[in-house]
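The values are calculated or read from the model by the stated rules, or taken from the named source; none is laboratory data. What you see is a predicted model; the values in this text were computed from it and never measured. Cβ sites come from the backbone with ideal geometry, for glycine too, and all protein chains shown count toward neighbours.
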């Protein structure tokens, strides 16, 4: 079923000149139109839609506002329906691109089909990097230290009290009550869940035996909530609650520092970017399918291992050339220094490194 979403039309001053130049370069033969806000010309026009990761929501709002300001005859729609739904929508040809908190698995790419595309080859690349925060609501406590086993035991239902000895030992200066821990998880198929459980499976394999999964194992219990907003609302409105969500949405909730080596590391954009740069590309992919294997067990200084790498996904060859032109221009802006800075300011994400940007720009150039 085709998904639609009302366009976001907020104006953004940042990067307007850059965006207009990008648009012109992508469509030099079309008649130019004057962009009154910048005085530059944008030749792009049309409407296209994406769907997927809700983690990208704030960043997409910023990207769409800036891109539409620079290209006033373009409308971009983005439906934050969740990573799984976004990939399915893209495969079914009901959206022009997808946002996803994981790349398609190699076997999923091989199985296809991708109805929007003229071939079976897709372009995937990291566009939004953010730590996943473990958030909690406990009166008088703003921060807690936890190692991987403790986190896994809480979400597996094996640690159920806030004054459990494992928590007390790692937090000697905190006053932890004799109160029940209520763990909240995503009820929808979610790339955030996939990244969170991937960390648990890698860093606490003796405790977390459910593997790296996007759908929460129902046998583990806990309280389910739909989407990032649902998890944040559940934790915010309940006492003794704990959950996981894109760090940009942590707000005033308490957060957990994760043990890495001999230190407890707080989430930050810098720590998230560090783990991505230290991790390799997956083997067996095409040149323009840039899936990364995150090293969740790294003990490098200053690395935060529970990181969400959210991808943008498009066709290498679109069935409709007009879609190729629009997506190529939009993706080029998103990964530019200005686009990444816009996302960082709007959502607290970590800008991709110059080295990764070079690889991504090569992949985007292949879109046709």
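For the stretch 187-214, filtered to residues that are assigned to a loop (DSSP other than H, G, I, E, B), under 20 Å from the mean Cα position of the chain (by Cα) and in contact (Cβ under 8 Å) with a residue 40 or more places away in the chain, the residue that is surrounded by the most Cβ atoms within 10 Å (Cβ to Cβ) is 190. When residue 138 is tested against (1) over 25 Å from residue 101 (Cβ atoms); (2) surrounded by 19 or more Cβ atoms within 10 Å (Cβ to Cβ); (3) without any contact (Cβ under 8 Å) to a residue 40 or more places away in the chain; (4) out of contact with any helix residue (DSSP H, G or I) (no Cβ under 6 Å at 6 or more places or on another chain), only condition (3) is not met. The residues on offer are 296, 285, and the sole one that is touching a residue at least 12 places away in the same chain (Cβ under 8 Å), under 30 Å from residue 110 (Cα atoms), in contact with a strand residue (DSSP E or B) (Cβ under 9 Å, 6 or more places away or on another chain) and surrounded by fewer than 16 Cβ atoms within 10 Å (Cβ to Cβ) is 285. Annotation note: Cβ proximity below 8 Å between a residue of the stretch 300-311 that is within 14 Å of residue 100 (Cα to Cα) and a residue that is modelled with pLDDT under 90 and assigned to a strand (DSSP E or B) (sequence gap 6+ or interchain) occurs for 307/130; 308/130; 308/246; 310/130. Residues of the stretch 339-368 that are touching a residue at least 24 places away in the same chain (Cβ under 8 Å), over 20 Å from residue 285 (Cα atoms) and either crowded, with 20+ Cβ neighbours inside 10 Å or touching a strand residue (DSSP E or B) at 6+ places or on another chain (Cβ under 9 Å) (or both): 339, 342, 343, 344, 346, 347, 348, 349, 350, 351, 352.
Residue count for the stretch 159-186 satisfying the condition of being surrounded by fewer than 16 Cβ atoms within 10 Å (Cβ to Cβ), assigned to a helix (DSSP H, G or I) and touching a residue at least 24 places away in the same chain (Cβ under 8 Å): 0.
Considering (1) at pLDDT 50 or above; (2) assigned to a helix (DSSP H, G or I); (3) buried (at least 21 other Cβ atoms within 10 Å of the Cβ), the lone condition that residue 78 does not fulfil carries the number (2).
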